[in-house]
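One structure is given here, and the rest of the page talks about it.
The values are calculated or read from the model by the stated rules, or taken from the named source; none is laboratory data. Computed from a prediction, not measured in an experiment: that's the story for all the values here. Here the Cβ is made from the backbone with ideal geometry for all residues, glycine too, and neighbour counts use every protein chain on show. Ligands, DNA and RNA are excluded from the accessible area calculation, which covers all protein heavy atoms including side chains. Shrake-Rupley method; radii C 1.70, N 1.55, O 1.52, S 1.80 Å.
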2 protein chains.
Amino acid sequence: VPKVSEEHVQARRAQILEGARRAFARDGYEGATVAKLEHEIGLSRGAIFNYYPDKWSLFLALAAEDQFEFMRVLEDEGIDGLLRRLAEESPDWLAVYFELARRLRTNPELMQELQNRSPEASRRGDELLAALQTRGEVRSDIELETVIAFVNIVANGLALAISLGLEMDVDALLKLVHAGIDPVPK
Amino acid sequence: VPKVSEEHVQARRAQILEGARRAFARDGYEGATVAKLEHEIGLSRGAIFNYYPDKWSLFLALAAEDQFEFMRVLEDEGIDGLLRRLAEESPDWLAVYFELARRLRTNPELMQELQNRSPEASRRGDELLAALQTRGEVRSDIELETVIAFVNIVANGLALAISLGLEMDVDALLKLVHAGIDPVPK
């Protein structure tokens with residue numbers, strides 16, 4: 001067995017994920033056959049599945065990347081930054097999430113796997129919103145859980161609109177979102 | 001050609017749509033084969049497609065029913081009623097919309113057909129929100145178009161959450177939505 005450096009492993013993983021993201025975005029989750037994944041990634045199925053056992057694992061890894069990135073944006077640029085970032089996301093890629101909705105809802109195990117894809121990032125998101133509330137940047141007369149649900153609902157509704165190619169005035173939308181979650185003046 | 005009364009035609013259409021709604025909700029849009037539609041509706045494919053030329057027409061008719069019903073609720077019970085009604089909708093049925101998202105986005109013609117499914121109901125929705133704004137029940141410092149986009153985004157995000165089986169505290173959500181769109185106190 002040849003020795004493979006950690007650096008090499010990381011580079012390969014990045015190559016595989018970048019190619020898989022392009023393939024899913026172009027052909028959809030169902031449409032991205034193993035042959036198409038091989039072509040887009042530039043590696044054989046043997047090499048790909050050596051790193052990720054199946055197509056679902058590839059998607060989970062990409063969703064974990066997204067979650068990590070969105071949490072970074074939430075931390076650095078707040079809820080505004082998060083929604084702006086989402087509005088700039090590739091409609092083709094966002095569509096993959098909606099394509100998978102049916103599979104997720106009929107398979108609680110897959111749903112659990114997706115929710116657990118990056119427990120650290122998920123906890124971080126809740127902590128960041130909690131911190132916003134503690135610092136008084138988000139209203140505190142509403143339970144944190146509700147604020148989280150509201151931000152999620154707006155984010156998902158926005159993602160669907162972007163994915164369908166609908167035009168969105170994010171600045172105007174943010175004004176209403178802020179009216180929803182900003183602290184109530186005394 | 002036997003004479004068919006208008007009443008009979010209406011009853012048949014209702015029977016077909018009710019059965020198709022059940023079939024789509026249970027098996028999904030793709031999964032609802034013609035054989036399954038026949039079984040659930042209790043009519044032969046010939047009889048069904050005499051009223052609706054294809055599966056897509058059945059879905060469009062059901063989406064028009066939904067739109068009509070949601071507009072009725074919006075008129076009678078306002079935005080609160082609309083979001084509450086949506087939260088009580090069948091997750092299985094809502095999932096059909098998300099299942100179709102990919103097809104809609106890659107086919108502008110289908111998207112246009114869906115948007116035009118019931119132009120009267122759509123215009124009515126915009127008019128109802130405009131009336132709420134005129135009556136001062138919705139803030140008027142924001143363009144009507146943005147209010148409509150916000151309500152749509154929240155409704156779609158809520159529909160996705162319901163479809164995925166996530167728990168939702170609609171009362172708490174409504175509080176944040178109202179903070180977003182209620183008139184700003186002077």
Members of segment A:133-159 that are within 18 Å of A:L83 (Cα to Cα) and either in contact with a Lys or Arg (Cβ under 6 Å, 6 or more places away or on another chain) or among the aliphatic types (A, V, I, L, M) (or both) | A:V138, A:V147, A:I148, A:A149, A:V151, A:I153, A:V154, A:A155, A:L158, A:A159
State the number of residues belonging to segment A:117-146 that are more than 26 Å from B:Y97 (Cα to Cα) and either among the hydrophobic types (A, V, I, L, M, F, W, C) or within 16 Å of the chain's Cα centre (by Cα) (or both).
-> 17
(1) open to solvent by less than 40 Å² (accessible area, probe 1.4 Å); (2) assigned to a helix (DSSP H, G or I): which one isn't true of A:E65, the others all being true?
-> (1)
Evaluate segment B:107-126: report whether one residue or more is within 23 Å of B:L60 (Cβ to Cβ), facing chain A (nearest Cβ under 10 Å) and out of contact with any helix residue (DSSP H, G or I) (no Cβ under 9 Å at 6 or more places or on another chain).
-> yes
What number of residues in segment A:153-168 are farther than 13 Å from B:V177 by Cα, at the interface with another protein chain (Cβ under 8 Å from one of its Cβ atoms) and at pLDDT 90 or above?
-> 8
B:P91 versus (1) open to solvent by 30 Å² or more (accessible area, probe 1.4 Å); (2) under 28 Å from B:D182 (Cβ atoms); (3) in contact with a Lys or Arg (Cβ under 9 Å, 6 or more places away or on another chain); (4) not acidic (D, E): which is the lone unmet condition?
-> (2)
Name every residue in segment B:169-183 that is among the charged types (D, E, K, R), surrounded by 14 or more Cβ atoms within 10 Å (Cβ to Cβ) and more than 7 Å from chain A (Cβ to nearest Cβ), in order of residue number.
-> B:D182
Given (1) assigned to a helix (DSSP H, G or I); (2) open to solvent by less than 20 Å² (accessible area, probe 1.4 Å); (3) free of Cβ contacts under 8 Å to residues at least 60 places away in the same chain, index of the condition B:F98 fails | (3)
Verdict on B:L166 being outside any helix (DSSP H, G or I) and open to solvent by 10 Å² or more (accessible area, probe 1.4 Å) | yes
